[in-house]
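So the structure is just underneath, and the comments pick up after that.
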Amino acid sequence: MTSSNDLGPMPPLPDHQPQARPGASFGKCVLAALVWFGVVLVVLFATLGAPGSASALGLVVGRMLVPLLLAALFTWLIFRRRPTGFGVLLVTSLPFFVLLSFVFGVLRVVGQSRGVS
C-alpha cells in the first residue's frame, strides 16, 4: 500500500482568473450620462440662479432623471459588446441626453397646453 507521500508533489492549480467582459458596463454608461446631468445643473444654476425652494430643485432634478437613464441605456446598447474608453461613452451619451431632454420637454409643454399634467 502506498502512502500519499509516495505519489510526489501535487501539480500546481491552474489560475482561474475571472475574465472581464469585453464591453462597456451599464454603470460606466450611467456615469457618462451623469456628467451631462451635472453640466446641465451647473449651467442652470449659473444662468438662472439657485432654485427658490427644495421642491423646485427636486422638480428640475426629477425631470432630468428619465433622459439620464435612457441616454445611459442607449449608450450601453451601442457599446455593450465593444471595449470602449470612458471618453467615447461620454461623447456618445451627450446627443442622447440632449435629444431626450428636448423631447421630454416638448411633450411636457404639449401636455400642459392640452390641460394634461
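The values are calculated or read from the model by the stated rules, or taken from the named source; none is laboratory data. Nothing here was measured: the structure is a model prediction, and the numbers come from that model. Quick reminder, even Gly has a Cβ in these numbers, built from the backbone with ideal geometry, and neighbours come from all protein chains shown.
Among the residues of segment 81-103, how many are in contact (Cβ under 8 Å) with a residue 40 or more places away in the chain, out of contact with any helix residue (DSSP H, G or I) (no Cβ under 6 Å at 6 or more places or on another chain) and over 14 Å from A32 (Cα atoms)?
3
So how many residues does segment 72-90 have that are in a helix (DSSP H, G or I) and either touching a His at 6+ places or on another chain (Cβ under 9 Å) or over 11 Å from C29 (Cα atoms) (or both)?
Total satisfying the criteria: 0.
With respect to P12, determine if the residue is over 17 Å from L73 (Cβ atoms) and either touching a strand residue (DSSP E or B) at 6+ places or on another chain (Cβ under 9 Å) or modelled with pLDDT of 75 or more (or both).
So P12 passes the test.
Which of the residues spanning segment 79-89 are among the aliphatic types (A, V, I, L, M) and surrounded by fewer than 18 Cβ atoms within 10 Å (Cβ to Cβ)?
V88
Consider only pairs whose beta carbons are under 7 Å apart and that are at least six residues apart or on different chains; among these, list those whose first residue lies in segment 31-57 and is outside any helix (DSSP H, G or I) and whose second residue is surrounded by 10 or more Cβ atoms within 10 Å (Cβ to Cβ).
P51/L57; P51/V60
Could you check segment 63-117 and list, in sequence order, the residues that are within 12 Å of the chain's Cα centre (by Cα) and of a type in the set (V, I, T)?
V66, T75, T92
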